[in-house]
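**Student:** This is the structure, below, for whatever I ask next.
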Amino acid sequence: MKNILVIGSTGQIGSELTMELRKRYGNGHVIAGYIMGAEPKGELKESGPSEIANVTDRQSLELAVKKYNVDTIYNLAALLSVVAESRPSMAWKIGIDGLWNVLEVAREYKCAVFTPSSIGSFGMDTPHVMTPQDTIQRPRTMYGITKVTTELLSDYYFLKYGVDTRAVRFPGIISNVTPPGGGTTDYAVDIYYSAVRRQKFVCPIKPGTLMDMMYMPDALNAAISLMEADPARLIHRNAFNITAMSFAPETIYDEIKKHVPDFEMVYEVDPLKQSIADSWPDCMDDSCARREWDWKPTYDLASMTVDMLDKLSKKLKVE
Ligand code: SER
């Protein structure tokens with residue numbers, strides 16, 4: 001990877017991935033792609049180049065790739081699961097028509113492409129415990145449908161045109177820089193903000209609902225390590241199961257309570273979020289990623305909680 005375009009650089013993952021890539025490859029080699037209305041600000045803007053890169057406008061992608069001689073694209077443009085249910089055609093337009101544009105530009109300019117899939121690519125018929133790498137994928141959400149299609153289309157471009165496409169199935173990503181928007185796993189981020197603000201947390205997910213999760217530093221490392229992996233070792237490509245932990249709301253609450261003893265949580269279940277969560281794995285088997293490119297997370301629930309509370313306390317200026 002020499003010149004890298006991050007599409008969606010101001011989003012939850014993109015904002016931190018762009019900075020991490022700049023640290024590793026040099027500020028001038030990582031272009032923060034953005035759309036009008038979501039321009040980079042602050043450090044993201046100051047530390048390196050930025051350029052309009054709208055997946056629904058193929059020409060904008062082509063211009064950015066040509067201008068910076070891009071050889072690797074991280075395509076993070078997507079609507080998350082809950083918002084995709086309220087705007088299914090937009091989710092398809094960004095997730096799939098947009099991906100088509102990215103892959104076509106990648107084919108023409110010989111770029112490698114990372115387009116994440118998700119735990120959302122599974123459905124009710126998928127085995128929920130130790131969900132295998134290769135298994136039934138029949139999601140009923142538009143988010144899931146776009147993610148399965150992403151996997152298939154990315155593999156198609158690799159097999160048919162030799163485009164170097166690789167991806168992971170991200171679990172819920174927990175972070176303290178840019179909040180996620182409109183996902184089912186967002187509660188596991190919001191709960192930390194409530195704890196640090198000493199507010200009662202209203203949990204939209206039922207107790208006992210297990211979902212895979214991961215702390216942002218591990219998610220960034222996964223994406224970059226996979227793109228750096230020796231292609232000769234990759235049996236799979238789009239997309240690898242990866243996980244760092246699996247917990248239910250009461251477990252994360254108990255962990256936070258160890259540090260914030262008077263923290264309170266009540267349940268007000270959101271039926272849409274609950275039905276989506278119920279259709280996703282309880283915990284995935286990520287042994288293929290461990291075997292094929294040495295995937296290994298560093299944070300568990302306890303160490304992530306310490307770091308989240310510390311970073312958010314500083315960010316929100318609460319002692
Ligand atoms: N975090 C995503 C969501 O909840 C799942 O990959 O929509």
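Every number in this text was worked out from the coordinates using simple rules, so none of it is lab data. None of the values given here were measured: they were computed from a predicted structure. Using ideal geometry, Cβ is built from the backbone for each residue, glycine included, and neighbour counts are taken over all protein chains shown.
**Student:** May I ask you to evaluate 6.51 cos²θ - 1.76 cosθ + 1.60, the Karplus curve with θ = phi - 60°, for each residue of the range 99-114 and list the ³J(HN,Hα) values in order in whole Hz, giving x for glycine and proline?
**Tutor:** So the J values, rounded to whole Hz, are 4, 4, 4, 4, 5, 5, 5, 5, 5, 5, 9, 6, 9, 7, 9, 10.
**Student:** Are there trypsin sites (Lys or Arg not before Pro) in the range 238-319 that DSSP puts in a loop and that have at most 12 other Cβ atoms within 10 Å, and which ones?
**Tutor:** Working: sites: LYS257, LYS258, LYS273, ARG290, ARG291, LYS311, LYS314, LYS315, LYS317; in loops: LYS258, LYS317.
For trypsin sites (Lys or Arg not before Pro) across the range 238-319 that sit outside H, G, I, E and B with at most 12 neighbouring Cβ atoms in 10 Å, the list reads LYS258, LYS317.
**Student:** Is the shape of the range 193-234 best called rounded, prolate or oblate, per the rule: a/c under 1.5 gives rounded, else a/b larger than b/c gives prolate, else oblate, with a ≥ b ≥ c the square roots of the Cα gyration tensor eigenvalues?
**Tutor:** Details: a/c = 7.21, a/b = 2.37, b/c = 3.04.
It is oblate, given that a/c is not under 1.5 and a/b is not larger than b/c.
**Student:** Another question about this same structure. Cα centroid distance between the range 253-319 and the range 16-65, in Å?
**Tutor:** Each part reduced to its Cα centre gives a spacing of 28 Å.
**Student:** Quick one: which residues, 5+ away or cross-chain, put their amide H under 5 Å from the amide H of MET245? H built at 1.01 Å from N.
**Tutor:** Long-range HN contacts for MET245: MET213.
**Student:** Could you give the alpha-carbon Rg of the range 1-160 over 2.2 N^0.38 Å, rounded to two decimals?
**Tutor:** Details: Rg = 15.9 Å, N = 160, 2.2 N^0.38 = 15.1 Å.
Against the empirical 2.2 N^0.38 Å value, I get 1.05 for the range 1-160.
**Student:** By the scheme Lys and Arg +1, Asp and Glu -1, what is the net charge of all other residues having a beta-carbon under 11 Å from that of MET216?
**Tutor:** Numbers: positive: LYS311; negative: GLU16, GLU20, ASP218, ASP307.
Every neighbour counted, the sum reads -3.
**Student:** GNM, the chain, Cα, under 10 Å: largest mean-square fluctuation among GLY183, GLY208, GLY11?
**Tutor:** Of GLY183, GLY208, GLY11, the most mobile in the Gaussian network model is GLY208.
**Student:** Under the Kirkwood approximation for Rh and a Cα-based Rg, what ratio Rg/Rh is obtained for the range 182-319?
**Tutor:** Details: Rg = 16.6 Å, Rh = 16.3 Å.
Dividing the radius of gyration by the Kirkwood radius yields 1.02.
**Student:** Okay, next question. What is the local net charge at GLU268, summed over the other residues whose Cβ is closer than 12 Å to its Cβ (Lys, Arg +1; Asp, Glu -1)?
**Tutor:** On the way: positive: LYS200, LYS206, LYS273; negative: ASP270.
Cβ neighbours under 12 Å give a net charge of +2.
**Student:** Sticking with this one: For the range 52-63, in order, what is each residue's ³J(HN,Hα) by Karplus, 6.51 cos²θ - 1.76 cosθ + 1.60 with θ = phi - 60°, in whole Hz (x at glycine and Pro)?
**Tutor:** 5, 8, 9, 4, 7, 10, 4, 4, 5, 5, 4, 4
**Student:** Assign one of three labels to the range 232-273, namely rounded, prolate or oblate, based on the Cα gyration tensor with a ≥ b ≥ c the square roots of its eigenvalues; rounded applies when a/c is under 1.5, prolate when it is not and a/b is larger than b/c, and oblate otherwise. Provide the component values of the computation, followed by the final result.
**Tutor:** On the way: a/c = 6.40, a/b = 2.08, b/c = 3.07.
Taking the square roots of the gyration eigenvalues as a ≥ b ≥ c, the range 232-273 is oblate.
**Student:** Would you mind calculating the relative contact order of the range 85-233 from Cα pairs under 8 angstrom and at least 6 residues apart, reporting the percent as a whole number? Walk me through the numbers before you get to the answer.
**Tutor:** Numbers: 164 pairs, mean separation 35.0, N = 149.
For the range 85-233, the relative contact order is 24 percent.
**Student:** May I pose another question? Nearest 5 percent is fine: what portion of the DSSP beta bridges confined to the chain is antiparallel? Show your work: numbers first, answer last.
**Tutor:** Details: 3 of 31 bridges.
Looking only at bridges with both residues in the chain, the antiparallel portion is about 10 percent.
**Student:** What list of ³J(HN,Hα) couplings, whole Hz, do you get for the range 236-246 from phi and the Karplus terms 6.51, -1.76, 1.60, once you set θ to phi - 60° and write x for glycine and proline?
**Tutor:** For the range 236-246, the Karplus-derived couplings read 9, 9, 10, 8, 7, 4, 9, 8, 10, 6, 9 Hz, x marking Gly and Pro.
**Student:** Tell me which residues come under 5 Å, amide H to amide H, from SER50 once H is placed; ignore anything under 5 positions away on its chain.
**Tutor:** Residues meeting the amide H criterion: ALA32.
**Student:** Can you give the direction-averaged projected area of the convex hull of the alpha-carbon atoms in the range 42-105, in nm²?
**Tutor:** Details: hull surface 20.6 nm².
Directional mean of the projected Cα hull area for the range 42-105 stands at 5.1 nm².
**Student:** In the range 254-298, what is the volume of the convex hull around the alpha carbon atoms, normalised per residue and reported in Å³?
**Tutor:** Values: hull volume 5.2 nm³, N = 45.
In the range 254-298, the Cα hull volume divided by residue count equals 115 Å³.
**Student:** Then there is this: Using the eigenvalues of the Cα gyration tensor, what equivalent ellipsoid semi-axes result for the chain when each is taken as the square root of five times the eigenvalue, whole Å, largest first? Let's see the in-between values first.
**Tutor:** Details: eigenvalues 185, 103, 66 Å².
They are 30, 23, 18 Å, listed from largest to smallest.
**Student:** Now for a different question. Quick one: what do you get for the range 1-94 if you divide its Cα Rg by 2.2 N^0.38 Å? The partial results should precede the final answer.
**Tutor:** On the way: Rg = 13.1 Å, N = 94, 2.2 N^0.38 = 12.4 Å.
Output field value: 1.06.
**Student:** Name the most mobile residue of LEU80, LEU63, LEU226, meaning the one with the largest mean-square fluctuation, in a Gaussian network model of the chain with Cα contacts below 10 Å.
**Tutor:** The residue that fluctuates most here is LEU63.
**Student:** Let me ask another. Can you list the lysines whose alpha carbon sits under 23 Å from that of LYS200, skipping same-chain ones fewer than 8 residues off?
**Tutor:** Cα-Cα hits under 23 Å: LYS257, LYS258, LYS273, LYS311, LYS314, LYS315, LYS317.
**Student:** Here's another thing I want to ask about it. Across 5 Å bins from 0, what is the distribution of all Cα-Cα pair distances for the range 76-126, in whole percents?
**Tutor:** Going out from 0 Å in 5 Å bins, the range 76-126 shows 5, 18, 23, 23, 15, 10, 5, 1 percent.
**Student:** Another question about this same structure. Could you please report the charge total around ILE96, scoring K, R as +1 and D, E as -1 over all other residues with beta-carbon less than 12 angstrom from its beta-carbon? Write down the numbers at each step before the final one.
**Tutor:** On the way: positive: LYS93, LYS147; negative: ASP97, GLU151.
Neighbourhood net charge equals 0.
**Student:** Checking the a/c ratio against 1.5 first, then a/b against b/c, what shape does the Cα gyration tensor give for the range 88-170?
**Tutor:** On the way: a/c = 2.75, a/b = 1.56, b/c = 1.76.
Note, shape of the range 88-170 comes out oblate.
**Student:** Next question, about the same structure. What residue among SER50, SER303, SER81 has the largest mean-square fluctuation in a Gaussian network model of the chain, using Cα springs under 10 Å?
**Tutor:** Looking only at SER50, SER303, SER81, the biggest GNM fluctuation is shown by SER303.
**Student:** Distance in nm between label sites at VAL177 and MET90, each 7 Å beyond Cα in the beta-carbon direction?
**Tutor:** Simple spin-label model gives 2.5 nm for this pair.
**Student:** List the aspartates and glutamates whose Cα lies under 19 Å from the Cα of LYS2, skipping any in the same chain that are fewer than 8 positions away.
**Tutor:** Counting by Cα, and skipping residues close in sequence, LYS2 has these aspartates and glutamates nearby: GLU16, GLU20, GLU51, GLU62, ASP71, GLU108, ASP164, GLU228, ASP230.
**Student:** Same structure, new question: Pull up all non-local amide H partners of VAL113: gap of 5 or more, or a different chain, and H-to-H distance under 5 Å with H placed in the peptide plane.
**Tutor:** The answer is ILE73, ASP164, THR165, ARG166.
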